[in-house]
Amino acid sequence: FRTFKPETFPVCHSRNRGKEKQSSTSFSTEERSGHIVNLMAYATGVTLASRTIFPFCSRTFLPPLRVTSILESSSSSTFFRSVQAPQLFSTPRAPLFSSVKCSTSSLETAASRPNVVDILEERGLLESITSENLRSACSDPNVAPLKVYCGFDPTAESLHLGNLLGIIVLSWFQRCGHQAVGLIGGATGRVGDPSGKSLERPELDALTLEKNITGIKNILVKILGGNASSYVIFNNYDWWKDMTMLDFLKNVGRFARVGPMMAKESVKKRLESEQGVNVQIGGSDQWGNITAGTDLIRKILQTEEAAYGLTFPLLLKNDGTKFGKSEDGAVWLSPSMLSPYKFYQYFFSVPDVDVIRFLKTLTFLSLDEIKTLEDEMRKPGYVPNTVQMKLAEEVTRFVHGEEGLKEAMKATEALRPGAEMKLDWSLIERIAEDIPTCSLPVDRVAGVSIVDVSVSAGLFESKSAARRMLKQGGVYMNNERVDDENKRVEEGDIVEGKGLVLSSGKKNKVVIRIS
């Protein structure tokens, strides 16, 4: 940037503290950096799976830059003309939708495709679309199936509930005859990505990134899998790894000029590559980035129908904050980070006020079936949490499969006070991963009163509290109610000689291991 030549950018508008200014001869360091970095981002595709273009700038030489910084300005087209971006393509590009030719079988498939945009809108999963032409393209028999991508940052080994909406929207495109693309930001993760949250994302080493990428890929394959031709998983590091730009962007990008960069064969190759993706989806907070990208594509390809974007509402907690990995209480999608039982229990416990909304957005039940369930909730004699049980079953099955659902329901039944299921130690061991556990020597359990054992295990704070709950009929041992406050734990109560489960009411439980 110190060798920056103003004539490279004849006229540009830039935002400066909310005010526009125009200059044909000079730019501040931040403005020059912003224009160059934005162009580099567009040229190399770094916007994929990234909320902020070059977030490492906040740690090196620039504040975080958004993809809209150029496109918001009124003379952005002048900027792109000055670097002759369209000439980077070896051959003219035709509009992605208007000139598509389909085979006879493709036409028949397209003619029978449900309109996925209409479906998303009906279920409350549509926030915005860049053009209504996307709606018509979704079911137009003259248009081939779309290829739709959603990006996922590898900041943890598992995706979380906040990512689930993106996967569900991808799955709706799948079910309506289109191809889903899961894009993992393997390159993006190497340079960091401040998220705008109160907690800054940590910088991850290569080994941790690879572990996270593998974990996320496994989740996407498991959920989107089935018909292998209906989805594909990309990692943007695959096209970044052969470029020398990663270290360049992180360490010496400020000294680079656009001209030499654009002359590099690797950059040209990236611009000329074809992956066939024509729709990007994302949460509503990604609207600015998505529209900036589609606007750039239209400018470079010189056609209005080059690419489309679609956003869905964010999945929010009861307090209005977004589900995420940096806050407490994350609901992970990986069974190694959150068991199917706990995942199931989360949805089983959602308030009545949220359950219908979650059924529409997080399941594939028909709207008629959901309306029937909603009507049931208003009828006299409705059994509480019946609809929540349906929600928990559907979402757990989608994320963890039939086996995961069976595991969750078995654990749920095993932990239900009064359940007839006989507990064995292997089942208790699985349950112990999800509820409080303690270890006591056998002489403090066998032959000892249930009151003393429950206090020693931490189920009650005092003996008086334990006796009070016993009189109310709320104490259970291995799911059997204990009515006698003088009851002592017998050797036969210790399952396989290894431990037992005590419960106070429906929710407070503890596994006691015999040490």
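For the reader, a short list of remarks on this structure follows.
- Selection count, segment 134-161, where residues are within 13 Å of the chain's Cα centre (by Cα) and open to solvent by 40 Å² or more (accessible area, probe 1.4 Å): 2
- Condition met for P441 (touching a Ser or Thr at 6+ places or on another chain (Cβ under 6 Å) and either open to solvent by 40 Å² or more (accessible area, probe 1.4 Å) or modelled with pLDDT of 95 or more (or both)): yes
- Enumerated strands (runs of 3 or more DSSP E) restricted to segment 473-515, each holding at least 3 residues that are of a type outside the set (V, I, T) and modelled with pLDDT of 90 or more: 499-504
- Counting only residues that are part of a helix (DSSP H, G or I), open to solvent by 20 Å² or more (accessible area, probe 1.4 Å), touching a residue at least 40 places away in the same chain (Cβ under 8 Å) and under 26 Å from W332 (Cα atoms), segment 347-371 holds 3 of them.
- Some residue of segment 281-290 being in a helix (DSSP H, G or I) and in contact with a Pro (Cβ under 8 Å, 6 or more places away or on another chain): yes
- Only one of E374, E407 that is out of contact with any Cys (no Cβ under 9 Å at 6 or more places or on another chain), over 30 Å from V511 (Cβ atoms), assigned to a helix (DSSP H, G or I) and open to solvent by 20 Å² or more (accessible area, probe 1.4 Å): E374
- Candidates L423, L427 - the one that is part of a helix (DSSP H, G or I) and of a type outside the set (V, I, T): L427
- P335 fulfils the conditions (1) assigned to a helix (DSSP H, G or I); (2) open to solvent by 60 Å² or more (accessible area, probe 1.4 Å) except for a single criterion, (1).
- Residue that is modelled with the highest pLDDT, among those in segment 212-233 that are of a type in the set (G, A, S) and not in a helix (DSSP H, G or I): G225
The values are calculated or read from the model by the stated rules, or taken from the named source; none is laboratory data. Worth saying up front: this structure is predicted, and the values here are computed from it rather than measured. Quick reminder, even Gly has a Cβ in these numbers, built from the backbone with ideal geometry, and neighbours come from all protein chains shown. The area values use the complete protein model at the heavy-atom level, side chains included, leaving out ligands, DNA and RNA. Shrake-Rupley method; radii C 1.70, N 1.55, O 1.52, S 1.80 Å.
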